[in-house]
């Protein structure tokens, strides 16, 4: 299970298509080719914009309550879903999907009349929407995961991932120097699971620099690396082993 403020999303107003006056048949035939091409292109562009906010064809979800259909999709989604993708999935106009998402957020938060605040919430992350465990229940979910489900990443992998997350872009050698162990196999594991990726290769040394992926942000429930907790409070202050009563001679 995953744990990862809700802001209203403002999109452009619905496109409108300006009316075009009808000309006499003979005048239309005499119209320059360039003018006809320009009008055709303008019509195509405007039509494409209008189509983005309208269902293209009858859809399987057409007879279902829109909010419930979106809720069903979001329950099984394993990554945040953009509004455009959701609109395509249910065959509904974008403006209606946007309003339905806002209604679901209020529903899950218990803001509707007679509503109950759920143990999960609908959150916007990385440009899309996904259902996450509500922060209030992080502890109980963490206990369940630790006792009922084995950890998928070893402590060594988690330590390596933390180093890369906070120090990226960073080379494998630099990670090994920080951890004082060989990290080749761990880096391969993290890359294979899509949590880290090659950012660039040093042109002089050939060393590969690694960074984290959007998948990691999704798993952590973050929008960006700026939301990572500060690490300095977790570091030792260097006072261990010193007697506070010692005074200079």
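Kindly indicate the residue of segment 56-81 that is surrounded by 10 or more Cβ atoms within 10 Å (Cβ to Cβ) and over 19 Å from residue 120 (Cα atoms) and also modelled with the lowest pLDDT among those meeting that condition.
Filtering first and then ranking leaves 59.
Name the single residue that is surrounded by the fewest Cβ atoms within 10 Å (Cβ to Cβ) among those in segment 183-223 being touching a helix residue (DSSP H, G or I) at 6+ places or on another chain (Cβ under 6 Å) and part of a loop (DSSP other than H, G, I, E, B).
194
How many residues, within segment 99-139, are assigned to a helix (DSSP H, G or I), within 19 Å of the chain's Cα centre (by Cα) and surrounded by fewer than 18 Cβ atoms within 10 Å (Cβ to Cβ)?
So the count comes out to 3.
Only one of these conditions is not met by residue 171: (1) over 24 Å from residue 138 (Cβ atoms); (2) surrounded by fewer than 15 Cβ atoms within 10 Å (Cβ to Cβ). Which number is it?
So the condition that residue 171 fails would be (2).
What number goes with the only condition from (1) modelled with pLDDT of 95 or more; (2) more than 15 Å from the chain's Cα centre (by Cα); (3) crowded, with 17+ Cβ neighbours inside 10 Å that residue 86 does not pass?
The failed condition is (2).
Could you tell me whether any residue of segment 22-42 is at pLDDT 80 or above and either assigned to a helix (DSSP H, G or I) or touching a strand residue (DSSP E or B) at 6+ places or on another chain (Cβ under 6 Å) (or both)?
Checking segment 22-42: not a single residue is at pLDDT 80 or above and either assigned to a helix (DSSP H, G or I) or touching a strand residue (DSSP E or B) at 6+ places or on another chain (Cβ under 6 Å) (or both).
The values are calculated or read from the model by the stated rules, or taken from the named source; none is laboratory data. Note that this is a predicted model, so its numbers are computed, not measured. Cβ: placed from backbone, ideal geometry, glycine included. Neighbour counts: every protein chain shown.
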